[in-house]
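Since the structure comes first, as C-alpha cells, the remarks are kept for the end.
Since every read-out is calculated from the coordinates, none of them should be taken as a lab result. What you see is a predicted model; the values in this text were computed from it and never measured. Neighbour counts are summed over all protein chains in view; Cβ atoms, including those assigned to glycine, are modelled from backbone coordinates with ideal geometry.
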Amino acid sequence: MWKVVWAALLLLATVCVQRGYTKEAKGAQSLGHVSVVIVGGTGDLAKKYLWQGFFHLYTNQVSSGYSFSFYGGGLSPNDKATPILFEVLKGVVCPRELSVERCALVKEQFLRLAEYRQLNTSEDYQALGKHLTEQLRQEGLVEAGRLFYLSVPAFAYADIAEKINNNCRPTDGAWLRVVLEKPFGHDLSSAQLLSTQLGASLKDNEMYRIDHYLGKQVVSKILPFRRENSKHLDLIWNKHHIERVEIVLKETLDAKGRISFYEQYGVIRDVIQNHLTEVMTLLTMELPSNLSNTKEVLKNKLKIFSALQRLDRNCAAIGQYQAYNAEVQEELSKTREHFSLTPTFAGIMVHIDLAQYEGMPVILTSGKMLDERVGYARILFKNDIFCIQSHSSVHCKPKQIVFSFGHGTLQYPAILVSKNLFKPDLMDTEWKEVTEHKDVSVLGLPISDYYVLTPTVERESYAELILHIFQGRKDSFISAENLLASWSFWTPLLQSLADTFPRLYPGGADNGNMLDFKLLGRKVTFANEALVMVTQDHMGGSGRESFQVMQGKYRSADMVSAWPEELIVRLAGDLQVAAENAVREGGRFHLALSGGSSPLALFQRLARHHYSFPWRDTHVWMVDERCVPLTELDSNFRTLHDHLLQHVKMSYFNIHPMPVQMNQRLCVEEDSGALLYESDITQLVNASSFHFVLLGVGYDGHTASLFPGSKLDASGNSLVAFTESPAKPHQRMSLTLKAINQAQKVGVLVMGKSKHELVTQLSRVKDNPKHWPITGIRPTSGRLVWYIDYDALLG
Ligand code: BG6
C-alpha cells in the first residue's frame, strides 16, 4: 500500500520540480529550503562518501517538508568539472528499502537538483551567494539553512570560511553550518591558530568538525552500551578487572595517491590523534547522567584528556612500509636522496592517571600495509581462575568485550561480549542479537562463544553524520575544546618522534612478527628485532672465518660483520695489518681515533694485545674532541688515554691530542686551536692522508663531531674545524669530511642492538651529508669499510 502512496507522492514531486524544488516546500507546510554546497565536490572523499551521504539525506528528507538544492564546488571551470560531477552523481545508490521505480525517480530528481559551480575567487563566492538568494526569491521559498561541506585541504579552510562569511551567509533566521574535515591542524599550535582564524569568520555553533568514526554505528553505541549494561559493567570497568584496552585500526592499503597529505601527517595524526583517541575517550570517560547532554559528555571527555599521562618516545613503536619512501620520491618529485621518517605504523601505550584505571594500559595501534583490514576496540579482562580441565572450561577462555567497527572476519559492525562475562541487554530496537553465525573466530574466541549484537540496518558513517548535521546535532562532532585537548596530549609525542627512525616493514603477510610490540612497564618496544636490509651482493668468505665473520656490502661499501667479540678481533687485526704495511712502506702509521663508546672494546683489545703492534712507529690522532679539559672524564682524549694509551709503549711525541684548551680557555676561535692541529697534520702526515681513520656513527647520523644540519662545507678546504653538537658539551673540534675522505682507509664501527634501527635506516638513505653526515664519508682514493656487529646488523 505504502508503495502506491510513495509513487503518487513522487510523481507529484517530480512534476513540481522545476530546477528541483518540491511543491511541498512551497506550500503552507513548507519547512524551508536547504542549500548544500560541497566545496571539493569532485574530490576523492566527495566521490566516495559525501554525495552518497547527501543522497541518503535527500531520500530521507524529501517528503519531510524541506526542499533542497545541491552544489558541487571546486577550482576547475564549469565545463570541465560538470561532467565529472554528474558521473559521480549517477553512481549514487538508493537505500535498500526503496523500490526500483522509486529509486529511479528520486535519483533523477536529485540529479536535477545538483549543479557544479567554480568556487575559487571571492567573486565566485559572491556570485554563489547572489544565486542562492535569487533562487529562493524566484521560487518563493523560505530559507531554512545553508550547509557548506569543506572537503579540501585544511590550509584552505580559513580563506574559504572568510569568503563564506563575506558572501554566502543565509537570510535572517536561517542557519549556516560549515562542516570541516580533519585534519584540524598538525599539532597544538597549528590547531590553535586554525581555530582562531576560523573563529574570525564563523561562530562556534556554525562549525561542525567531523570525525567519521563518531558516525560509525558501533562507536556511537559505546556510551549507550555502557549505560544499558551498567549493572554488569560498573563492577568490572576498572584496573582491578581490566587487563588492558586495545584500540586497533589495521589497514591493508598503502598511502599511494595521497602521499602529499600523508607525508605531512603520518599515521598518528591521520587516525590515532582523532579516530582512535575518540574511541578511547568514549570507553574510559565517566558516564554522563544524560547521554544526550553534549556539555556533560564534553566535560567528562575533557576529564579523561587531563588525566592522560604525558607520552614520550618510549611509549611508542613506529614503522614505515618499505615502499613508502619510493612513493614519496615519486609523488612529491623528490630526488633519490630524499628519505622520509613519516611513520605508517604506530603502536602506542597510554595510561590514565585516575584511581579507576591506574596502571591499566590502553593500546592504540594502526598501520597501513598490514596483513588484514580490521578495526575494533577490545576490553580484555583479567582472568583469575585456574582451570584444571582447561579446554572444556568456559572460565579459562578470554573474557572480553569487542566493539568491532565493521571490517575483519565479521564483515559487519557488532558488539561482542564473551559468554563467560554476562549477557548484554539490547540497547534499543535498532539493534538485534545475532544467533546464527558463520564459523569464524574473533580475537581468539569462536563466534559462538560471544553474545553478538548488531544494528538492524547497517548505515554508512558519513551518511549518518550528514543526517546529524542536517538535524543540527552537535554531539556527534568534535568541539574546539575537545580538539585542542587531544592535540595537547599528542603533540609532545609527535615532537619526540620527529627524528626517530621508523622500523621498515615489507608490507602484508610478509611483515610476519616484525611489528609485534611488547609492553615493558611504561615502555613499548618491538618484540622482535628486524632483519636489516643490506645489499649483500658480495657475501662471501671461506672456511672457519666465514662461519664467524660475514663479509658483504653495506651502502655500496665493504662491510664486515660478526658477533661483537669477533668483530673487534677482526678490526684490531685489520688495524695491525694496515699499521705493519704503513710502517714497512714509510716508517710510520698515522691513526686517527674517534671518541664515543663503540671503540672502547677495540681500545681494550689493542691494549691487551699490544706486543706485536708497531706502537713505537704509530702516531695517534684524534678524530674529534669535546671542548673540555683533556683531563675531564668526558674528554675523548681522556677515554683514549685511560683505555689504550697508558697501556701501550709509545712515544709521547707521537700522541696528538686536539688543542681544545689554549690560553686557559676552551675552543676560542682566535686561539686558532683548529689551525694548529691542521698544521700539525700537514707537517707530519704524508699528504695529510691518514693511514686509518676510525669512526663511529650516532643515532642522528652524525660522525666525528659533524652533526646533521651543520655547515659541513663551510669549513671549505680546512682539515679541522670547530663544530656544534646538539648534545652537551655543545662545542667540539673535529676533523672535516675533507680530512677524513683523504684517508687511505676509513673504518666505521657500529655496535649494539640500539644501533639496529639506525643501521636499517642508513641502509636505504642516499648520500645526503647535510642530514646524514655519515653519508658524506666517501674516501676519494682510499677504502671505506663498515664494521657492524650482528646486534646492530640483525638485532
Ligand atoms: C581516514 C584516514 O580518516 O580514515 C585514512 O585519513 C584511513 O587514512 C581511514 O584509511 C580509515 O577509516 P575507515 O572508516 O575505513 O576505517
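Pull out a ≥ b ≥ c, the square roots of the eigenvalues of the alpha-carbon gyration tensor of the range 552-794, then state rounded if a/c is under 1.5, prolate if not and a/b is larger than b/c, and oblate in the remaining case. Show your work: numbers first, answer last.
Values: a/c = 1.39, a/b = 1.07, b/c = 1.30.
In terms of gyration-tensor shape, rounded.
List the residues whose amide H sits under 5 Å from the amide H of Tyr149, counting only those 5 or more places along or on another chain, with H placed 1.01 Å from N in the peptide plane.
Correct list: Val37, Ile38, Val39, Val179.
Just the number, please: percent antiparallel of the DSSP beta bridges in the range 552-794, rounded to the nearest 5. Walk me through the numbers on the way to the answer.
On the way: 14 of 37 bridges.
If we restrict to bridges inside the range 552-794, about 40 percent are antiparallel.
Apply the Karplus curve 6.51 cos²θ - 1.76 cosθ + 1.60, θ = phi - 60°, to the phi angles in the range 174-181 and return the couplings in whole Hz, x for Gly and Pro.
8, 8, 10, 10, 10, 9, 10, 7
Which of rounded, prolate or oblate describes the range 26-177 when judged by the alpha-carbon gyration tensor and an a/c cut-off of 1.5? It would help to have the intermediate numbers written out before the result.
Details: a/c = 1.87, a/b = 1.16, b/c = 1.61.
Oblate shape, in that a/c is at least 1.5 and b/c is the bigger or equal ratio.
What are the ³J(HN,Hα) values, in whole Hz, obtained from phi via the Karplus relation 6.51 cos²θ - 1.76 cosθ + 1.60 with θ = phi - 60°, for each residue of the range 761-767 in sequence order, with x given for Gly and Pro?
Result, ordered by residue: 5, 5, 5, 10, 7, 7, 4 Hz.
Helix 294-307 sits at what angle to the longest principal axis of the chain, using alpha carbons and giving 0 to 90 degrees rounded to 10?
So the inclination is approximately 10 degrees.
Cα gyration tensor of the chain, axes a ≥ b ≥ c as square roots of the eigenvalues: rounded (a/c below 1.5), prolate (a/b > b/c) or oblate? If you can, show how the numbers build up before the last one.
Details: a/c = 2.80, a/b = 1.96, b/c = 1.42.
It comes out prolate by the Cα gyration axes.
For every helix of n ≥ 4 consecutive DSSP H residues, a contribution of -39,500 (n - 2.57) applies; sum these over the chain, divide by its total residues, and give [θ] at 222 nm rounded to the nearest 500 deg cm²/dmol.
For the chain, the value works out to -9500 deg cm²/dmol.
In sequence order, what are the phi-derived ³J(HN,Hα) couplings for the range 501-518 according to the Karplus relation 6.51 cos²θ - 1.76 cosθ + 1.60 with θ = phi - 60°, rounded to whole Hz, with x for glycine and proline?
With coefficients 6.51, -1.76 and 1.60, one gets 6, x, 5, 7, 9, x, x, x, 4, 5, 4, x, 9, 4, 9, 4, 10, 10 Hz.
Order 302-315, 51-64 from most to least packed using the mean count of other Cβ atoms within 10 Å.
Values: 302-315: 17.0, 51-64: 20.6.
Per-residue Cβ counts within 10 Å, averaged per peptide and sorted highest first, yield 51-64, 302-315.
Using modelled amide H (1.01 Å from N, peptide plane; none on Pro or chain starts), what sits under 5 Å from the amide H of Met360, excluding residues fewer than 5 places away?
Amide H neighbours of Met360: Ile352.
Amide H neighbours of Gly32 under 5 Å, counting only residues 5+ apart in sequence or on other chains, H built in-plane at 1.01 Å?
Distant-sequence amide H within range of Gly32: Ser67.
What angle do you read, to the nearest 10 degrees and between 0 and 90, between the alpha-carbon axis of helix 673-684 and the longest principal axis of the chain?
The angle comes out near 50 degrees.
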